[in-house]
Amino acid sequence: MMRCPPFRYLAPETAAEAARLVAAHGPGAALLAGGTDLLPRLKRGQAAPDLVVGLTRVAALRRARAGADGLELGAGVTLAATARHAALTPAHRALALAAGGAATPHVRNMGTLGGNLCADTRCGYYDQPRPWREAIGFCLKAPAGCAEPAAARAGEVAGTCWVAPGGRRCWAVASSDAAPALIALGAEVTVCSGEGSRRLAVAALHRDDGRAPLLLAPGEVLTTIHVPALGPAWRTTYWKLRRRGSFDFPVGAVALAVRLAASGEVLEARAALGGVASRPLVVETDALLGRRLDDEAVGAFAEAAVAPARPLDNTDYQPAWRRRALREAVAGALREVRGDPPEALGVLARAAARVLPRA
Ligand SMILES: Cc1cc2nc3c(=O)[nH]c(=O)nc-3n(C[C@H](O)[C@H](O)[C@H](O)COP(=O)(O)OP(=O)(O)OC[C@H]3O[C@@H](n4cnc5c(N)ncnc54)[C@H](O)[C@@H]3O)c2cc1C
Ligand code: SF4
């Protein structure tokens, strides 16, 4: 049995106090929400904080408030509660699909939306027990405070990336389901530190670095996810590729939001890809503006959307298949939002339909 290393546990009642505790302690401290991402990492020896600051007693993080300007979800709202929140409108379908299709029912009942946005990147050479990783000599990804030998710690000495040997960067994959969906919906987050709070777009929360994917300062706590109200002209969706529909992380995903004129022309569009880079990839959508979503526009957009994606050999399925399947998923998602019936959307749509949230 894999066990967590020993640590001191504190459970403050405000986010500001949690931020202060983590900042005062330094890199040996970690925040804990539902624990479904962090605790497996502790058991695998990928982190060994001597202080864990739990967020479960911060009542404000579990609140959700709906208003005319949209929905404010506390970072501690679970994925399950997010997926079935009564204030989500049909235009928020992308978020309901993403949160409702992450992981398993048990994990969705524990895992939080904030923890999902802050979850670590993944790699088949890294998400392994410590003896497995020791046998290959570890790799470049080993966050500060981790249990790995000092010689393998990131940045300290040369290590090997087994995915791209010879390179000096880590290509571990951003695997949050919620992040691309929230980016497509135009969501923002509030984060607080001991000194105050700031608000930023979800699209500005991550960087393309598998070792350090979060653009939060040490001790900053994500408190609120702001999901804007979207009128009925908005149509959104989320398609996720994975081997097992009931369980797996995305190996490619697309979140799409378009605002259509009555004539069918695209007035606004936002899209993001998940599972194909170390951060959610924001997709350039200008080519869609003013166009009807005919087959030519759909095909051209899907081709261009996946061009910057860099699926590598560090997760399930062959990279070439993932790129091809993701192109089909982007096209299918566009056909879904233009109103094609489900039976016309093909086999990938049936896989996507499996992630529909249950009441
Ligand atoms: C079997 C299994 C399958 C999974 N499948 C999926 C999947 O398909 N899709 C998917 O997206 N995820 C998946 N996950 C990952 C995980 O369950 C989710 O990402 C979950 O939402 C994480 O939330 P949490 O509250 O449990 O985070 P935690 O584990 O508590 O924290 C995750 C990270 O975020 C930080 N953190 C947490 N809350 C905050 C905050 N408020 N402010 C700042 N930092 C914070 C923590 O310090 C930690 O580094 C899976 C996990 C398991 C165990
Ligand atoms: S991408 Fe390379 S450095 Fe990053 S976790 Fe995988 S093997 Fe390690």
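Where a number appears in this text, it was derived from the coordinates with a stated rule and is not lab data. None of the values given here were measured: they were computed from a predicted structure. Counting neighbours? That spans all protein chains shown, and the Cβs are built from the backbone with ideal geometry, glycine included.
Values as computed for the structure displayed
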| read-out | value |
| --- | --- |
| Relative contact order (%) - criterion: Cα under 8 Å, at least six apart; region: the stretch 245-288 | 32 percent |
| Part-to-part distance (alpha-carbon centres) for the stretch 18-73 and the stretch 174-208, which is given in Å | 15 Å |
| Which of M1, M110 has the fewest Cβ neighbours within 10 Å, and the rest in rising order | M1, M110 |
| Mean separation of Cα contacts under 8 Å (6+ apart) over length of the chain, as relative contact order % | 18 percent |
| The stretch 208-359: relative contact order as a whole-number percent, Cα under 8 Å and 6+ apart | 23 percent |
| Calculated FRET value between R324 and A60, using beta carbons and R₀ = 35 Å, to 0.05 | 0.20 |
| Cβ-based exposure ranking for T89, T36, in which fewest neighbours within 10 Å come first | T89, T36 |
| Helical contribution to [θ] at 222 nm, DSSP H n ≥ 4, -39,500 (n - 2.57), averaged over the chain, rounded to 500 | -7500 deg cm²/dmol |
| Footprinting exposure proxy for H106, H85 (fewest neighbouring C-beta atoms within 10 Å first) | H106, H85 |
| Bridge type composition, the chain - antiparallel percent by DSSP, nearest 5 | 85 percent |
| Contour excess over end-to-end distance, with Cα ends at E134 and R243 and 0.36 nm allotted per residue | 36.5 nm |
